[in-house]
Amino acid sequence: MNRGLSKGKTYPSEATTRIDSKTGVTIRQVTGHPSIQHHPFYYLPAYDDAMQWLFFISHRTGEAQIFAEERESEKLIQLTDRRDLNEWSVHPAHDGAHIYFTAGARALRLSMETLKEEVMADFGDSPMREKGMVGAAMGTTTLSRDDKWWAVPVKIGEASQLKIIETGTGRVETILERDTIGHPQFHPDDSSLLRYAGPFYERMWVIQRDGSNNRLVYERDTSKKEWIVHETWMPGRRELLTTCWPHGVIGVHVDSGEVRRVASFNVWHPMVDRAGTRMVTDTRNPDIGLRIFDPRIEQGFCQELCYPEASNAGEHWNTDHCPYDDGPIQVYAPQHTHPHPNFSPDGSQVVFTTDRSGHAQVCEVVLEDA
C-alpha cells in the first residue's frame, strides 16, 4: 500500500440499528466493516465538545487507523494512513480542531480542517509504551479540558517519563520519572492537576502539572489483596472514583484521603458524565450489561441500560482479589473485546464497543432521561 493514498478517503454510512432484547432500547451501530473497530479508552472522549465528530479506530485497511464519523451526514472519513499508530493513544481536542495521538516514538496532532499531521515531539528510539496489552502498555495520553496541555508517558530504558507538551508553543517538559506511568488524566476542572496509575500495589497517584506534589493518594488493604483499578476523576470534586474489583466503586479525596463507598456491585470500567450526576459501567463475572447509577451517593441500585454482549476477554478478571499478588501472570485481554462505555459530552448518549458479531464495532445508545 502506498502511504497517504487513503488519507481523507470517505466511506458511506455504515450505521444500523437494533433493539436490545432485554431492555428495549435502540442501539445504533456506527461501524459495520468486518474488522476491528473501537472508540478511545473508557475515560477518554470519543467526540469533540460540539459533537460534530465521533472518533474511532478501524483496522479495515489491515492496520490501525484513526477514523471519524461526521455525525450530520453519518459518512466515515479516514484521518490517518500509517503503519505505526499507537491506537490507544488517541485523544480528540475538545474544540474539534485537532486530534492528538502517538505513532512510533513521536507525539503528533492532526488538523481536522486540513488533515495535516504535525509532530509535536520526537523521542528518537524510545518506545512509547511498556510491553503487554494492559495498563501502561496501552500508551494512553491525556489532553487538558482547555486543550492547552497534553500529557504523554514515554518509556526511556527501564524508566518511564511523563512529558507535558504545551500545545500552543510545542514546548516539552519532563515532569516525572519513575518505574511505571499509566493512564494519565487531567482533572476536568483543573488543568494544573493530573492523576496517573503506578504499579498495582501502589496504584493511584496525583501530581501537579509542574511536577510538584507527586503523591500516592490511596494505600490499598494488602490483607484483602485489594485490586484498585480503572480510576477516573469526579467532576466538581478533588476526588478519584475507582473500581475495587470485583466489589464495587470507592471514592478517594486526593487531599484528605477520605474514602467513601460509591457502589457495591461488579463495576468494571466506570466513567462519570460531565455533570458528575451519572456513572456508566460495563460488567463482568457476571455480565449484567451496561449499568447507570448516581456516583454522588452510595448505590445499591443501578439502572439497566443495554447488553453489549461483548466477549470481555481476560481470564485474570475471574477473581475476588488482585491476581498479581499471587505471582506473575500471563495476561491476554485484547481491549477491543471490552465495552468501555463513556458518555457523550452533552450527556445525551453512551458510546461503547462490542464484538458480539465476531468483529468489534462502535455503538451508541441514547439515554431516555437525558
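The values are calculated or read from the model by the stated rules, or taken from the named source; none is laboratory data. These numbers come from a predicted model, not from an experiment. As a convention, Cβ positions derive from the backbone with ideal geometry for all residues, glycine included, and neighbour counts pool all protein chains shown.
Of all residues being under 21 Å from the mean Cα position of the chain (by Cα) and surrounded by fewer than 20 Cβ atoms within 10 Å (Cβ to Cβ) in the range 218-247, which is nearest to residue 200 (Cα to Cα)? Just the residue, please. Among those that are under 21 Å from the mean Cα position of the chain (by Cα) and surrounded by fewer than 20 Cβ atoms within 10 Å (Cβ to Cβ), it is 246.
Checking the condition farther than 18 Å from residue 336 by Cα, at pLDDT below 95 and not basic (Lys, Arg), which residue from 126, 73, 111 passes?
On the way: 73 fails: at pLDDT below 95; 111 fails: at pLDDT below 95.
The unique qualifying residue is 126.
Of all residues in the range 63-83, those satisfying the criterion of being free of Cβ contacts under 8 Å to residues at least 60 places away in the same chain, surrounded by 15 or more Cβ atoms within 10 Å (Cβ to Cβ) and assigned to a loop (DSSP other than H, G, I, E, B) are 63, 64, 71. The C-beta contact set for the range 94-119 (first residue under 19 Å from residue 10 (Cα atoms), second residue part of a strand (DSSP E or B) and among the acidic types (Asp, Glu), distance under 6 angstrom, 6+ apart or interchain) comprises 110/117. When the range 254-263 is filtered for residues that are in a loop (DSSP other than H, G, I, E, B) and surrounded by 15 or more Cβ atoms within 10 Å (Cβ to Cβ), only 254 remains.
Kindly indicate which of 275, 333 is within 19 Å of residue 41 (Cα to Cα) and in a loop (DSSP other than H, G, I, E, B). So that I can check it myself, show each step before the final result.
Values: 275 fails: within 19 Å of residue 41 (Cα to Cα).
On inspection, the qualifying residue turns out to be 333.
Among the residues of the range 99-116, those that are in a strand (DSSP E or B) and surrounded by 16 or more Cβ atoms within 10 Å (Cβ to Cβ) comprise 99, 100, 101, 102, 103, 106, 107, 108, 109, 110.
Scanning the range 337-370 for residues that are out of contact with any helix residue (DSSP H, G or I) (no Cβ under 8 Å at 6 or more places or on another chain), β-branched (Val, Ile, Thr) and either buried (at least 24 other Cβ atoms within 10 Å of the Cβ) or within 19 Å of residue 74 (Cα to Cα) (or both) turns up 350, 351, 354, 362, 365, 366. Filtered by the rule that a residue be in contact (Cβ under 8 Å) with a residue 24 or more places away in the chain, more than 19 Å from residue 44 (Cβ to Cβ) and part of a strand (DSSP E or B), the range 122-155 gives a lone residue, 155.
Per-residue answers, yes or no, for (1) modelled with pLDDT of 95 or more; (2) part of a loop (DSSP other than H, G, I, E, B):
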site	(1), (2)
5	no, yes
8	yes, yes
18	yes, no
24	yes, yes
27	yes, no
33	yes, yes
43	yes, yes
51	yes, yes
56	yes, no
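Out of all the residues in the range 96-108, is one or more basic (Lys, Arg), under 30 Å from residue 323 (Cα atoms) and out of contact with any Gly (no Cβ under 8 Å at 6 or more places or on another chain)? Scanning the range 96-108 turns up no residue that is basic (Lys, Arg), under 30 Å from residue 323 (Cα atoms) and out of contact with any Gly (no Cβ under 8 Å at 6 or more places or on another chain). Against the numbered list (1) among the β-branched types (Val, Ile, Thr); (2) in contact (Cβ under 8 Å) with a residue 60 or more places away in the chain; (3) in contact with a strand residue (DSSP E or B) (Cβ under 7 Å, 6 or more places away or on another chain), residue 19 comes up short only at (2).
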